[in-house]
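What follows draws every value from the coordinates through simple rules; no lab data is involved. All values derive from a computational prediction rather than experimental measurement. FYI the Cβ positions are ideal-geometry reconstructions off the backbone, even for glycines, and counts take in every protein chain you see.
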Amino acid sequence: MNIQSIVIIGAGNMAWHLGHALKIAGLEIKQVFSRKLEKAIQLADSLDGQAINDLQSIDQHSDLYIIAVSDQAIAAVSQQLVLRLSPNVMIVHTSGATPSTIFDAHFLRKGIFYPLQSLSKDKKTDFTKVPICVHANLQEDAENLYQLGRRISHQVAYIDDQQRAVLHIAAVFVNNFSNYLFHVGSEITKDANVPFELLLPLIQETVEKIKDQPPQKMQTGPAIRDDQNTIDRHLAFLENYPSFAEVYQLISRLIPNMNSK
Ligand SMILES: NC(=O)c1ccc[n+]([C@@H]2O[C@H](COP(=O)([O-])OP(=O)(O)OC[C@H]3O[C@@H](n4cnc5c(N)ncnc54)[C@H](OP(=O)(O)O)[C@@H]3O)[C@@H](O)[C@H]2O)c1
């Protein structure tokens, strides 16, 4: 079966970006559900679909149902859906952190369609560059999800629940934590009236280098060199920033031991 028609449950950041990517690729977005009708209308109108705020009126005959709601709401939403849909429909969620077993009690054909990117409604994203991790309990559904992914992205991978859990933890480190470190850099430069923009090429280069070299090999700076005088000067400066000093000390202590995990 070729996936052609889709219902999206959710109208947040993921639903917005994924919905548009699927629409551009020629998929029919039959309906968008949000608890708030105006939110559903805003997205559904831009996708030429129908807005609904009551799951009683969900379309019964779509090829795929994508649950793009907050992680903690996925179980409750699928419990409501099972009352209204045949257990034979294909259903997926978009969460990196939630196992596919969340659907076990409810649906026979279940899977994951996880775009591995940080998506915000207000920020334009080229979806063709967003890796998509797919998984399904049935081989044929997994292949169909893979094909669907390929219609909107250049990078699609079969990733099972365990692998996705690891990817999600890694994503927290490389995205959430590194962004916190950018925040630290931004704050201390702002307070000292130094342009943060001067650091952008360095940030860019850090990412460029690890495209073809292990991060471990690319580590530079006072901690790996064991340059204690510099570290002490930095910590003296950071006395007014106790949280930032804590992060500095922790990471500086760990860097020299990168080989031992
Ligand atoms: N954004 C990202 O960067 C990203 C990346 C990868 C994966 N994901 C995954 O995508 C999913 C959606 O994330 P998001 O970023 O789109 O979140 P979001 O922007 O906060 O939107 C959350 C959506 O969930 C709905 N919702 C929350 N509680 C609900 C409930 N009890 N019943 C029904 N609907 C409920 C909200 O409903 P209303 O519209 O009714 O308010 C809203 O439409 C999550 O599983 C997340 O882990 C997100």
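Quick notes
- Charge tally in the Cβ shell below 15 Å around Pro131, where Lys, Arg are +1 and Asp, Glu are -1, Pro131 excluded: +4
- Put simply, the convex hull of the Cα atoms in region 5-159 casts, on average, a shadow of 7.8 nm².
- The coefficient of translational diffusion for the chain, derived via Stokes-Einstein from the alpha carbon Kirkwood radius under 25 °C and 0.890 mPa s, stands at 118 µm²/s.
- Ordering of 25-35, 3-13 by packing [mean C-beta count within 10 Å, highest first]: 3-13, 25-35
- Net +/- balance of residues flanking Met14 in space, Cβ distance below 14 Å, scoring K and R +1, D and E -1: +1
- Convex hull projection area averaged over all views, region 68-140, Cα basis, nm²: 5.6 nm²
- For the chain, DSSP calls about 20 percent of its internal beta bridges antiparallel.
- Couplings for region 99-108, taken from phi via the Karplus curve 6.51 cos²θ - 1.76 cosθ + 1.60 with θ = phi - 60°, read x, 5, 5, 4, 8, 3, 6, 10, 10, 8 Hz in order; Gly and Pro are left as x.
- Helix 200-209 vs. the chain, principal-axis angle (Cα, 0 to 90°, nearest 10): 70 degrees
- Coordinate range of the alpha-carbon atoms in region 165-260 per principal axis, descending: 36, 28, 25 Å.
- Qualifying lysines (Cα of each under 26 Å from Cα of Lys30; at least 8 residues distant if same chain): Lys39, Lys110, Lys121, Lys123, Lys124, Lys129
- When each of Lys190, Lys23, Lys211 is scored by the number of other beta-carbon atoms lying within 10 Å, the sequence from fewest to most is Lys211, Lys190, Lys23.
- In the chain, the longest principal axis of the Cα atoms and the axis of helix 161-171 are about 40 degrees apart.
- Dividing the summed -39500 (n - 2.57) terms of all DSSP H runs of n ≥ 4 by the residue count of the chain sets its mean residue ellipticity at 222 nm at -12500 deg cm²/dmol.
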